[in-house]
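K.L.:
Structure in structure tokens, see below.
The values are calculated or read from the model by the stated rules, or taken from the named source; none is laboratory data. The structure displayed is predicted, hence computed values, not measured ones. Methodologically, a virtual Cβ is constructed for each residue, glycine included, from the backbone with ideal geometry; neighbour enumeration extends over all protein chains shown. Calculation scope for accessible area: heavy atoms of the full protein, side chains included, ligands and nucleic acids excluded. Shrake-Rupley method; radii C 1.70, N 1.55, O 1.52, S 1.80 Å.
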Amino acid sequence: MWGYAPDQLKPGIPGHEMIRMLAARGEFGPTEDIERTVRERVALIQRPGGSRYEQRTARGKYLEFTFQPLQDGGLLGIYRDITKLKDREEALAAAKEAAEGARDAAERER
């Protein structure tokens, strides 16, 4: 999903290095300061009570991220592809807008 090369994603690679690779590729949007982007993302991920956010990748997929600090000092990170969900939300919003427009037009006609 992320397009890492096999040598980039292996046990022992620090999370901030993975974030740096994603930032350099533009996964978090355009940035002039990759290190600042890395610091911001690490701070978001390491919030004491955990964090949850959604992101659209440079490849157009929508992902939902959930991070939870563990008692041993580790971090549990879960992500899931919510692209289909987002597509349905957009379709429902468009259908709602069309229905409201049709209702308004019918009321004007009356």
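K.L.:
Given the conditions (1) exposed (fewer than 13 other Cβ atoms within 10 Å of the Cβ); (2) without any contact (Cβ under 8 Å) to a residue 24 or more places away in the chain, and given that Thr83 satisfies all but one, which numbered condition is not satisfied?
P.N.:
Single failed check for Thr83: (1).
K.L.:
Restricting the first residue to the range 28-44 and requiring it to be more than 22 Å from Leu75 (Cα to Cα), which pairs with a second residue that is open to solvent by 40 Å² or more (accessible area, probe 1.4 Å) and part of a helix (DSSP H, G or I) meet a Cβ separation below 7 Å and a spacing of at least six or different chains?
P.N.:
Filtered contacts from the range 28-44: Ile34/Arg20; Ile34/Ala24.
K.L.:
Separate question: I'm checking my understanding of the structure. Among residues of the range 1-54 that are within 13 Å of the chain's Cα centre (by Cα) and of a type in the set (Asp, Glu), which one is least open to solvent (accessible area, probe 1.4 Å)?
P.N.:
That would be Glu27.
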